[in-house]
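Participant: Before I ask anything, here is the structure I am working with.
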Amino acid sequence: MPETAKAEELKVDILIVDDTPQNLKVLSDFLRNQGYKARPVSSGKLALRAAETSPPDLVLLDINMPEMNGYEVCEAFKAHPVLKDVPVIFISALSETLDKVRAFNVGGIDYITKPFQFEEVQVRIRTHLALRQLNQNLSQQNQALQTSLKRQQELEEQRDNLLHMIVHDLRAPLSGIIGYLSLLERGADTFSEKQQRHLNLAIQSSQTLIDMISELLDVYKLENGEMPLFRDSKDICQTILQATETLEGMFTDKVLICELPQSPSPIFLDHDLIRRVIINLLSNALKFTPRGGEIKIQAETGADRLIVAVQDSGLGIPEELQAKIFEKFGQAELRQENRRYSTGLGLTFCRMVVEAHGGKIGVSSQMGQGSRFEFVLPVSLPETASDLPINISAN
């Protein structure tokens, strides 16, 4: 293809529609001198035919024409699936009545008057071509973003399905391992002290894996709405004490302080899931509280809400990382940075259970002063969780 033809294809294509030959010539000559590709046509029907054959970048459209006036031509452009986004600038003589409201209602973006002020024509054309280019770029970027998001969602779904399948299949052999280890434990009297310790560690490690698998499956169920809440009215103090009793053997070198309501406080919620939330928060505090350190659990009940907090005396969590510890895969990211402030999916599970109850969970922490994990649950569920006040950094 000759170089002149290539250059012609790269020029901005402007379709000029006017039934007055002199106006067509004046505008065509001006636009060509400015480096544009000008296509003059003398009627609305010819304009539509020319545009369908090769869509222009912009249209200069006279209003008063026979057969089809400019408004009708513009309406036809805007109704066409290919031409609807082509910008249309109306042309009107000073002696004519320009219905500006109708011009904009049918899809026109601007107007210029005859006789032409060429500087004005140039400025308006440049402005609207630039706006069109920006809109096209934005549309392309939006389309690329939508495609990327869709692909990301597909990959996340595939990952979650694969992960669910793997952990589900792991549970059975791990349960078998624990069963065989338990059989060995029955005859452990003949083992040396070192062998007994190794056996106990093997049983504990296997049980930890089972717990992690159960936690991951529960997170999966919560995400997919497959874990219903079995609510009943029980004393929240008893639920908290049951959680502390589960971990009683782990507090041998740390101090646990409980600040609970003095009188029974029956709360209507899924106490089994909330007990597991408290166990996870306490387990997290135990892992990051040094020997001899203090862990405090507090509960406060009001007319419309329950507040439970677990305070540790660990090193604390940097502010910029506090939200990540509640994310499903936030721990993997933190481990890559060699910074661990939680383990597994425990805090993700906590967040999802609390939110399933219509509540909020968050953490406040200062380096060197420990961390305070707190969740707020409505006693009678509000319409939205945003009704609940909470003064800590929440995910």
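Participant: With the condition kept exactly as written, say whether any residue in the range 63-81 is without any contact (Cβ under 8 Å) to a residue 60 or more places away in the chain, closer than 20 Å to ARG102 by Cβ and touching a Ser or Thr at 6+ places or on another chain (Cβ under 6 Å).
Facilitator: Yes, because at least one residue in the range 63-81 is without any contact (Cβ under 8 Å) to a residue 60 or more places away in the chain, closer than 20 Å to ARG102 by Cβ and touching a Ser or Thr at 6+ places or on another chain (Cβ under 6 Å).
Participant: Something else: Residue under question is LEU60, and the condition is that it be modelled with pLDDT of 95 or more and either in contact with a strand residue (DSSP E or B) (Cβ under 6 Å, 6 or more places away or on another chain) or of a type in the set (A, V, I, L, M) (or both); does it hold?
Facilitator: The answer is yes for LEU60.
Participant: Criterion first (modelled with pLDDT of 90 or more, open to solvent by 40 Å² or more (accessible area, probe 1.4 Å) and acidic (Asp, Glu)) does GLU327 satisfy it? Break it down into steps so the answer makes sense when it comes.
Facilitator: Values: modelled with pLDDT of 90 or more: no; open to solvent by 40 Å² or more (accessible area, probe 1.4 Å): yes; acidic (Asp, Glu): yes.
So GLU327 fails the test.
Participant: Kindly provide the set of residues from the range 226-244 that are modelled with pLDDT under 90 and either crowded, with 16+ Cβ neighbours inside 10 Å or not in a loop (DSSP other than H, G, I, E, B) (or both), ordered by number.
Facilitator: MET227
Participant: Which residue is nearest to the chain's Cα centre (by Cα), if the candidates are limited to the range 75-96 and must be open to solvent by less than 10 Å² (accessible area, probe 1.4 Å) and closer than 18 Å to LEU24 by Cα?
Facilitator: VAL88
Participant: How many residues does the range 276-286 hold that are within 28 Å of ALA303 (Cβ to Cβ) and either open to solvent by less than 60 Å² (accessible area, probe 1.4 Å) or of a type in the set (A, V, I, L, M) (or both)?
Facilitator: Taking the range 276-286 and keeping what is within 28 Å of ALA303 (Cβ to Cβ), we get 276-282.
Filter once more, so that each one left must be either open to solvent by less than 60 Å² (accessible area, probe 1.4 Å) or of a type in the set (A, V, I, L, M) (or both): 277-282.
Total satisfying the criteria: 6.
Participant: Assigned to a helix (DSSP H, G or I), open to solvent by 70 Å² or more (accessible area, probe 1.4 Å) and at pLDDT below 85, is that true of GLN158?
Facilitator: Against the criterion (assigned to a helix (DSSP H, G or I), open to solvent by 70 Å² or more (accessible area, probe 1.4 Å) and at pLDDT below 85), GLN158 qualifies.
Participant: Taking THR289 as meeting all but one of (1) open to solvent by less than 30 Å² (accessible area, probe 1.4 Å); (2) among the polar types (S, T, N, Q); (3) under 21 Å from ALA356 (Cβ atoms), write down the number of the exception.
Facilitator: For THR289, the exception is condition (3).
Yes/no matrix, rows are residues, columns are (1) touching a Lys or Arg at 6+ places or on another chain (Cβ under 9 Å); (2) within 20 Å of TYR36 (Cα to Cα); (3) hydroxyl-bearing (Ser, Thr, Tyr):
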residue: LYS78; (1), (2), (3): yes, no, no
residue: LYS84; (1), (2), (3): yes, no, no
residue: ASP110; (1), (2), (3): yes, yes, no
residue: VAL123; (1), (2), (3): no, yes, no
residue: HIS128; (1), (2), (3): no, yes, no
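Participant: Of all residues in the range 10-25, which are basic (Lys, Arg) and either closer than 16 Å to VAL88 by Cα or buried (at least 23 other Cβ atoms within 10 Å of the Cβ) (or both)?
Facilitator: none
Participant: Moving on to the next point. I'm trying to understand the selection: among the residues of the range 211-225, which are charged (D, E, K, R) and open to solvent by 40 Å² or more (accessible area, probe 1.4 Å)?
Facilitator: ASP211, LYS221, GLU223
Participant: Here's something else I'd like to know. Among the residues of the range 27-63, what is the count of those that are of a type in the set (A, V, I, L, M) and open to solvent by 50 Å² or more (accessible area, probe 1.4 Å)?
Facilitator: The qualifying residues number 1.
Participant: Just wondering, is there one or more residues in the range 248-266 that are buried (at least 16 other Cβ atoms within 10 Å of the Cβ) and of a type in the set (Val, Ile, Thr)?
Facilitator: Scanning the range 248-266 turns up no residue that is buried (at least 16 other Cβ atoms within 10 Å of the Cβ) and of a type in the set (Val, Ile, Thr).
Participant: Right, something else. Yes or no: GLN122 part of a helix (DSSP H, G or I), more than 30 Å from PRO21 (Cα to Cα) and not hydrophobic (A, V, I, L, M, F, W, C)?
Facilitator: Taking the combined requirement at face value, the residue does not satisfy it.
The values are calculated or read from the model by the stated rules, or taken from the named source; none is laboratory data. All of these numbers come straight from a predicted model, not from anything done at the bench. Every residue, glycine as well, gets a Cβ built from its backbone with ideal geometry; the counts of neighbours run over all protein chains shown. In case anyone asks, the SASA skips ligands and DNA or RNA and just uses the protein heavy atoms, side chains included. Shrake-Rupley method; radii C 1.70, N 1.55, O 1.52, S 1.80 Å.
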